[in-house]
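Below is one structure; the comments refer to it alone.
The values are calculated or read from the model by the stated rules, or taken from the named source; none is laboratory data. Since this is a predicted model, take the numbers as computed values, not measurements. Here the Cβ positions follow ideal geometry from the backbone for every residue, glycine too, while neighbour counts run over all protein chains shown. Keep in mind that these areas ignore ligands, DNA and RNA; they rest on the heavy atoms of the full protein, side chains included. Shrake-Rupley method; radii C 1.70, N 1.55, O 1.52, S 1.80 Å.
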Amino acid sequence: MNNTYPFLDLKAVNARYEEELIAAATRVIKSGRYIGGEEVDKFEQELCDMTGAAYAVGVSNGLDALRLILRAYKELGIMTDGDEVIVPGNTYIASVLAITDAGLTPVLVDPSLTTFNIDTAKIEKAVTPRTRAIMTVHLYGRTAWDETMAEIARKYGLKIIEDSAQAIGACSVALGMDGKGRRAGALGHASAFSFYPTKNVGALGDAGAVTTSDNELAKAVRALANYGSDRRYHNIYVGANCRLDPMQAAMLRIKLGHTAEENADRFARALAYHRTINHEAIICPMMSESVTDNVWHQYVIRVTGGKRDEFRDKLLKHGVATDVHYAVPPHRQPCYQNLKHGPLPVTELLANEVVSLPIGTGTSVKDAATIAEIINSIEF
Ligand SMILES: *Cc1c(COP(=O)(O)O)cnc(C)c1O
């Protein structure tokens, strides 16, 4: 099997910054500080600067970031067991896991076929007296945010929690809830980031963060992530250990500094696909050449006519590896067979049609154009 075009080469992702990463790792080794401390504080400040949020709390991973936000809202008396959280049906399962883990009820809403993000026109119908929040997921890097969502949140007093795991650096067209912020992480009331190694900004291990401009929420999240203690040996919550460690914070400070160029590179590859792919069975994702509301975590096409597997096999024979995000939506997973939900036709359709093309470091713009030509040549 020739693998000329791997889906993602993680070694190449970090090779680009090898010297800086080694210097930062050495600094941590020599510091004698292996939990908390200056590296974590500085990382949090840099994440605030980048997103425009007032507070950032480094945590263990993206799922924990989401879990901590929901747990914190419960501790603050804003949510209680069985309350409902609206979430898109086609998200990565972690969004839904966080909701059920907190004893809350996910209410799945279909996405839009144009954006792949939650269809904001369908949100209001899903609101009930038990709805407390909308978890908006900036899927594949595109901000899932508009005035309709903000208006519904105001009307029904809902919290908006952003799942920004795939969208670091993304900038929305509409203003956030506070009427100021535009960036993922500062659009809703709270946001979760993941720095899983394959994300646009990846740690060298697990890492995540919560951002918010709500001081009470930030304090609760920070305490919950540190055994529930607000100060040493004083526990106000039944907490957990979900801290970000300084080694990962040091790695992330390097990577965070390169977010804009990494995202610009992804945009250039996406544009090459967009301009070159021309196949009657393929639908490309929506693309605007001027808007920065998508940081292209994934470049996801739809292969129509039930030919996805055949298409992927043929591409692989040409040396092009692809992936599928996601073939089995959360409500179809064995663990959620008892989850109640209405019909989700768009979620189901996308699960059968989506294919992610290589877009990370290691795929050049020229590679993307070549892959696009290969796609155009495929007959089925
Ligand atoms: C990666 C991801 C998560 C989970 O982040 P981890 O750091 O892997 O726990 C949550 N939501 C979405 C949309 C993701 O892509």
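Quick look at the values:
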read-out: Residues satisfying the stated conditions in the range 45-68, i.e. in a loop (DSSP other than H, G, I, E, B), away from the ligand (no atom under 16 Å from the Cβ) and surrounded by fewer than 24 Cβ atoms within 10 Å (Cβ to Cβ); value: Gly52, Ala54
read-out: Every pair of residues 6+ apart whose Cβ atoms lie under 7 Å, when the first sits in the range 19-45 and is over 19 Å from Leu256 (Cβ atoms) while the second is not in a helix (DSSP H, G or I); value: Tyr34/Asp245; Ile35/Arg243; Ile35/Asp245
read-out: Those residues of the range 295-314 which are over 18 Å from Ala372 (Cβ atoms) and not acidic (Asp, Glu), in sequence order; value: Val295, His297, Gly305, Gly306
read-out: Exclusive hit being under 29 Å from Asn263 (Cα atoms) and open to solvent by 50 Å² or more (accessible area, probe 1.4 Å), set Asn338, Asn352; value: Asn352
read-out: Among the candidates Glu151, Glu147, Glu124, residue that is under 11 Å from Ile86 (Cβ atoms), open to solvent by 10 Å² or more (accessible area, probe 1.4 Å) and among the acidic types (Asp, Glu); value: Glu124
read-out: Gly208 among the small types (Gly, Ala, Ser), open to solvent by less than 10 Å² (accessible area, probe 1.4 Å), under 13 Å from the mean Cα position of the chain (by Cα) and more than 11 Å from the ligand (Cβ to nearest atom); value: no
read-out: Any hit, the range 275-286, residues being surrounded by fewer than 20 Cβ atoms within 10 Å (Cβ to Cβ) and assigned to a helix (DSSP H, G or I); value: yes
read-out: Restricting the range 287-297 to residues that are closer than 19 Å to Asp49 by Cα and open to solvent by 20 Å² or more (accessible area, probe 1.4 Å), the residue that is nearest to the chain's Cα centre (by Cα); value: Asp293
read-out: Extreme residue, farthest from Ile371 (Cα to Cα), among residues of the range 1-30 that are of a type in the set (A, V, I, L, M) and in a loop (DSSP other than H, G, I, E, B); value: Met1
read-out: Hey, Ile236 of a type in the set (Val, Ile, Thr) and farther than 21 Å from Arg308 by Cβ or not; value: yes
read-out: Residue match in the range 247-264 (condition: within 16 Å of the ligand (Cβ to nearest atom), open to solvent by less than 50 Å² (accessible area, probe 1.4 Å) and of a type in the set (Lys, Arg)); value: yes
